[in-house]
1. For the stretch 19-29, enumerate the residues that are buried (at least 24 other Cβ atoms within 10 Å of the Cβ) and more than 18 Å from the chain's Cα centre (by Cα).
2. Taking interchain pairs and intrachain pairs at least six residues apart, which have beta carbon atoms under 7 angstrom, with the first residue in the stretch 141-154 and under 17 Å from residue 290 (Cα atoms) and the second part of a helix (DSSP H, G or I)?
3. Only one of 191, 219 is under 18 Å from the mean Cα position of the chain (by Cα) and surrounded by 15 or more Cβ atoms within 10 Å (Cβ to Cβ); which?
4. Please name all residue pairs, on different chains or six or more residues apart, with Cβ atoms under 6 Å, provided the first residue is in the stretch 64-93 and is over 20 Å from residue 14 (Cβ atoms) and assigned by TED's automatic domain parsing to the domain that holds residue 119 and the second residue is surrounded by fewer than 19 Cβ atoms within 10 Å (Cβ to Cβ) and modelled with pLDDT under 95.
5. Do we have residue 178 as touching a residue at least 12 places away in the same chain (Cβ under 8 Å) and at positive phi here?
6. Quick check: is even one residue across the stretch 43-63 in contact with a helix residue (DSSP H, G or I) (Cβ under 6 Å, 6 or more places away or on another chain) and in a loop (DSSP other than H, G, I, E, B)?
7. Just checking, how many residues over the stretch 282-340 are part of a helix (DSSP H, G or I) and either in contact with a helix residue (DSSP H, G or I) (Cβ under 8 Å, 6 or more places away or on another chain) or exposed (fewer than 14 other Cβ atoms within 10 Å of the Cβ) (or both)?
8. Please go through (1) within 21 Å of the chain's Cα centre (by Cα); (2) touching a residue at least 40 places away in the same chain (Cβ under 8 Å); (3) crowded, with 23+ Cβ neighbours inside 10 Å for residue 16 and return the number of the only condition it doesn't satisfy.
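The values are calculated or read from the model by the stated rules, or taken from the named source; none is laboratory data. All of these numbers come straight from a predicted model, not from anything done at the bench. No Cβ is skipped: glycine too gets one built from the backbone with ideal geometry, and neighbour counts run over all protein chains shown.
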């Protein structure tokens, strides 16, 4: 086995990823790309693939050069050109977004089934990856249908978040519910419905986690929230008790002409989650609404602009209204308002 012995406690989540989310069939070729930090997770996926009858090729990023990576290693891209299914499980480092985006471009061009597990760890494999993804898919599908007709979304929290978003009916709402198809790759753990909003105005208080490498560097921000003022869909002010984070976040969001633009607005739809754990990969799937500045994933939403950066920001215990109807109260879905019990 390329990645070593698979820990028993990770196997239920790994089997869910392989059997349910990716739907791997016996004889299919699967490439698992991992880094040394994520080796145990990769080993569990490799073992689940062996049990399923998939033909697994394991690639360790550290074998191809130092980290952080300035670009995606060519052997990794070459392997993705020949596979039926791909998985990336790694811990992000500063400056590596371009390398990950290069991997995704191959996935999207070839339209292979692909799981993006950036930031995955043992805790996530034992929590978010054990969700019933058929139920996650049902909620995600109802939300997507509802949002295709919505005009506004209002989000408020007791910590001070208060903003309204409006939408462009030419842009799609994308469901990444964990049931992965060639059309849409997905993060795992999964549970999101997202779009590129036409505009966002108001205040967003990030009292949870920030994406990209900020998550690993600064952790959970509940004690030192990042307060963002947004006007016309662009970041216009940032305040934080941690001035190093405030300055670094502001600089990141001015990397290029669209780094300060809200490129993503998303619902978290993983009903299997009961708490935030301080890791963005899982916490962004927690019931609520979050946003991201930078690249809008235009290949999926059909937004016609791009950015070299993409950073999510999360808040806790949302109250959320679609037009005038409340659908989330203090971080809990009012399922009856979505036709679910």
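1. 24
2. If the second residue must be part of a helix (DSSP H, G or I), the pairs left are 143/338.
3. On the way: 219 fails: surrounded by 15 or more Cβ atoms within 10 Å (Cβ to Cβ).
191 is the lone residue from the list that is under 18 Å from the mean Cα position of the chain (by Cα) and surrounded by 15 or more Cβ atoms within 10 Å (Cβ to Cβ).
4. 67/93; 68/93; 68/94; 68/95
5. Values: touching a residue at least 12 places away in the same chain (Cβ under 8 Å): yes; at positive phi: yes.
Taking the combined requirement at face value, the residue satisfies it.
6. No; the residues of the stretch 43-63 include none that is in contact with a helix residue (DSSP H, G or I) (Cβ under 6 Å, 6 or more places away or on another chain) and in a loop (DSSP other than H, G, I, E, B).
7. Let us first name the residues in the stretch 282-340 that are part of a helix (DSSP H, G or I), namely 282-283, 298-301, 335-338.
After this cut, where a residue has to be either in contact with a helix residue (DSSP H, G or I) (Cβ under 8 Å, 6 or more places away or on another chain) or exposed (fewer than 14 other Cβ atoms within 10 Å of the Cβ) (or both) as well, the list is 282, 299, 335-336, 338.
Counting residues in the stretch 282-340 that are part of a helix (DSSP H, G or I) and either in contact with a helix residue (DSSP H, G or I) (Cβ under 8 Å, 6 or more places away or on another chain) or exposed (fewer than 14 other Cβ atoms within 10 Å of the Cβ) (or both) gives 5.
8. Going through (1) within 21 Å of the chain's Cα centre (by Cα); (2) touching a residue at least 40 places away in the same chain (Cβ under 8 Å); (3) crowded, with 23+ Cβ neighbours inside 10 Å one by one, residue 16 breaks only (3).
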